[in-house]
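These notes concern the structure reproduced below.
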Amino acid sequence: MKIAVLGAGAIGAYVGAALHRGGAEVHLIARGEHLKAIQAHGVQVKSPRGDFVAHPHATDDPAEVGAVDYVFLGLKAHSYPSSGSLVAPLLGDRTAVVAGQNGVPWWYFHKLAGPYEGRRIEAVDPDGATSRVLPPERAIGCVVYPATVIEAPGVIRHLEGTRFSIGEPAGGVSDRCTALSEAMVGGGLKSPVEPNLRDDIWIKLMGNVAFNPISALTRATMADICRHAPTRRLVTLLMEETLDIASRVGSTPDISIEKRLRGAEGVGHHKTSMLQDLEAGKQLELDAIVTAVVEMADISGADAPNLRAVHAAIDLLARSGQQS
């Protein structure tokens, strides 16, 4: 099995190192000092489950790799539309693209039976730009649960979690998902093949759509937000609205809001990825996590007043360039 990890950052390098350890042929596509460190010393994973070093091939040139069986996307979702020149050399006739992204994927309505089948979500597929680069037929969905950070170039600190749920947009259990799952498990990861992955997407999105923008607007950690009664109530309202939107587009995630809140509070004083990006001066991962959900509220006729208010505020912050 030949796998390319495009965007071998914190999650991508961790996945690639695990897959390589499990025996897959892995090619990491990275850049800068991170790439140089991996080429010189391998990917050094520091984990409460045990440290290890993997030495997969690493390059900044996808043409050097050629066609693969699977492309794992470690890029942020807003980079997808402009990734064509990087993705194209990796695609063969049967190459699958595994989108390890946060939020709503560009393929969401692809092969989803019902009134919205085939509908494009503009926030994540502007004018079809993402679909032209990453045809939905190639997509394998992936919900990423682990938390990792780049501690130093080539050094990945694995904080918690090993689960990467995967699934077909059309549902069911395919051979290509089963084969990928086996490779992930062989590398020490959990990778259940979910017949209805969209429910998993909404379970994670319940937290992201609430905690990410609130943390960026307030600079608060997840524990801070949960322990302050007014923001805890706001998170609850945002989760209720998100579940309403999910049900309107055909998903019924099986988790209670209170359980989701307890889990978030248990994480402690953790900064969300959106707050980390804000403090680092990076583009906020807004379109897939919040804007797309608001668009789905428009599509399905949901009111979602609190979600719309929070989106207005975080969108203004992103547009104003107050990245400090």
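The values are calculated or read from the model by the stated rules, or taken from the named source; none is laboratory data. Note that the structure is a prediction, hence the values are computed from the model and not measured. Neighbour counts are summed over all protein chains in view; Cβ atoms, including those assigned to glycine, are modelled from backbone coordinates with ideal geometry. Surface accessibility is based on the protein's heavy atoms, side chains included, excluding ligands, DNA and RNA. Shrake-Rupley method; radii C 1.70, N 1.55, O 1.52, S 1.80 Å.
Quick look at the numbers
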item	result
Per-residue SASA entry for K46, accessible area with 1.4 Å probe, Å² rounded to 10	70 Å²
Cα gyration tensor shape of the range 128-235, rounded if a/c is under 1.5, else prolate or oblate by comparing a/b with b/c	prolate
Solvent-accessible area per residue, Å², over the range 1-150 with all protein chains present [probe radius 1.4 Å]	41 Å²
Helix axis angle, 10-21 relative to the chain longest principal axis, alpha carbon, degrees	40 degrees
Virtual spin-label span in nm between R227 and H55, 7 Å along Cα→Cβ	4.6 nm
Leading residue at positive end of dipole, the chain (Cβ point charges), from S174, A229, M184	A229
Per residue convex hull volume, Cα atoms of the range 227-324, in Å³	107 Å³
Cβ-defined net charge surrounding E168, 14 Å radius [Lys, Arg +1; Asp, Glu -1]	-1
Value of Rg to Rh for the range 122-184 (Rh from inverse mean 1/r over Cα pairs, i.e. Kirkwood)	1.08
With every protein chain in place, the chain: carbon and sulfur % of accessible area (1.4 Å)	49 percent
Summed side-chain charge close to Q283 - residues other than Q283 whose Cβ falls under 15 Å, Lys, Arg +1, Asp, Glu -1	-2
Contact order relative to length of the range 229-313, as percent, for alpha carbon pairs under 8 angstrom and 6 or more apart	41 percent
Angle in degrees between helix 175-186 and the longest Cα principal axis of the chain, rounded to the nearest 10	80 degrees
Gain in span if fully extended, V149 to T252, counting 0.36 nm per residue against the direct Cα distance	33.9 nm
Loop trypsin sites (Lys or Arg not before Pro), the range 135-231, which have at most 15 other Cβ atoms in a 10 Å radius of their Cβ (DSSP)	R219
Over the range 1-139: Rg over Rh, Cα atoms, Kirkwood Rh	1.01
Value of relative contact order over the chain, rounded to a whole percent, pairs C-alpha under 8 Å and six or more apart	16 percent
From the C-alpha gyration tensor of the chain, square roots of 5λ in Å	30, 23, 19
In degrees, nearest ten, helix 32-41 long axis to first principal axis of the chain (Cα)	50 degrees
Among the listed pairs K190/K282; K2/K204; K204/K271, those beyond 26 Å (Cα-Cα)	K190/K282; K2/K204
Summed residue charge, Cβ within 9 Å of A297's Cβ, Lys/Arg positive, Asp/Glu negative	-3
